[in-house]
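What follows is one structure encoded as structure tokens, with my remarks underneath.
The values are calculated or read from the model by the stated rules, or taken from the named source; none is laboratory data. Source: prediction; values computed, not measured. Cβ coordinates were reconstructed from backbone atoms using ideal geometry, including for glycine residues, and neighbour counts include every protein chain displayed. The protein model used for the area step is the full one, side chains on, heavy atoms only, and it has no ligands, DNA or RNA in it. Shrake-Rupley method; radii C 1.70, N 1.55, O 1.52, S 1.80 Å.
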Amino acid sequence: MPEPPAVPTTASTAVELTAEDAKLVVLARGARGRVGAVEGAAVRDQDGRTYAAASVSLPSLTLTALQLAVASAAAAGATRLEAAAVVTEASTLDGAGHMAVRDLAADAPIHVAAPDGTVLGTVAE
């Protein structure tokens with residue numbers, strides 16, 4: 001599996017989000033907070049529908065929040081993603097979540113935010 005892209009973590013690289021992308025960060029924070037998960041994520045599909053999820057860690061199943069949000073979108077019929085956001089304590093985007101987003105969007109921005117909602121950076125590749 002390829003190394004996950006590094007995400008800028010300095011205040012000077014703070015990203016200004018559109019209102020729709022900021023909503024994804026809010027949804028991701030909510031999903032994470034509701035269950036006390038390690039991370040939360042949200043994606044927006046080609047029709048503007050949003051899907052939020054938290055990471056899952058069971059004895060027989062482990063999914064990142066971003067994987068689950070993408071899976072929820074795909075299960076609902078989404079064929080393309082416009083944007084994604086993940087809220088995490090990590091300083092890098094996880095490779096599995098990154099690849100899941102890229103399955104439905106080669107160039108959708110993936111915003112990475114800290115638990116307080118501060119956007120650390122955006123991965124566009």
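For the reader, a short list of remarks on this structure follows.
- Taking a point 7 Å out from the Cα of ASP47 in the direction of its Cβ, the residues of region 98-115 whose backbone N falls within less than 18 Å of it are 104-105.
- Magnitude of the charge dipole for region 19-123, about its Cα centre and with charges confined to Cβ atoms of Lys, Arg (+1) and Asp, Glu (-1), is about 220 debye.
- Under Stokes-Einstein, with the Kirkwood radius over Cα pairs as Rh, the value for region 19-123 at 4 °C and 1.567 mPa s is 100 µm²/s.
- Helical contribution to [θ] at 222 nm, DSSP H n ≥ 4, -39,500 (n - 2.57), averaged over the chain, rounded to 500: -9500 deg cm²/dmol
- Relative contact order [Cα under 8 Å, 6+ residues apart], the chain, whole percent: 30
- Beta bridges from DSSP with both residues in the chain: antiparallel share about 85 percent, rounded to the nearest 5.
- The chain, accessible surface, carbon-and-sulfur percent (1.4 angstrom probe): 56
- Full-stretch length increase - GLU16, LEU61 - with 0.36 nm per residue and alpha-carbon distance subtracted: 12.7 nm
- Between VAL26 and ASP107, the simple spin-label model (points 7 angstrom out along Cα→Cβ) gives 2.9 nm.
- Probe 1.4 Å, accessible area per residue of the chain, Å²: 49
- Where both bridge residues fall in region 66-125, DSSP classifies roughly 50% of the beta bridges as antiparallel.
- Near GLY121, the amide H atoms lying under 5 Å from its own belong to VAL112; only residues 5 or more places off or on other chains count, and H is placed 1.01 Å from N.
- Selected from LEU61, LEU17, LEU104 as most flexible by GNM, with the chain as the system and alpha-carbon contacts under 10 Å: LEU61
- Each residue of region 47-64 was assigned a 3J(HN,Hα) from its phi angle through the Karplus expression (A = 6.51, B = -1.76, C = 1.60, θ = phi - 60°), giving 9, x, 6, 10, 9, 10, 7, 10, 5, 10, 9, 10, x, 10, 7, 10, 9, 6 Hz with x at Gly and Pro.
- Relative packing of 39-48, 26-35, which averages over residues the other C-beta atoms within 10 Å, highest first: 39-48, 26-35
- Distant-in-sequence amide H partners of GLN46 (H built 1.01 Å from N, under 5 Å): THR79, ARG80, GLU82
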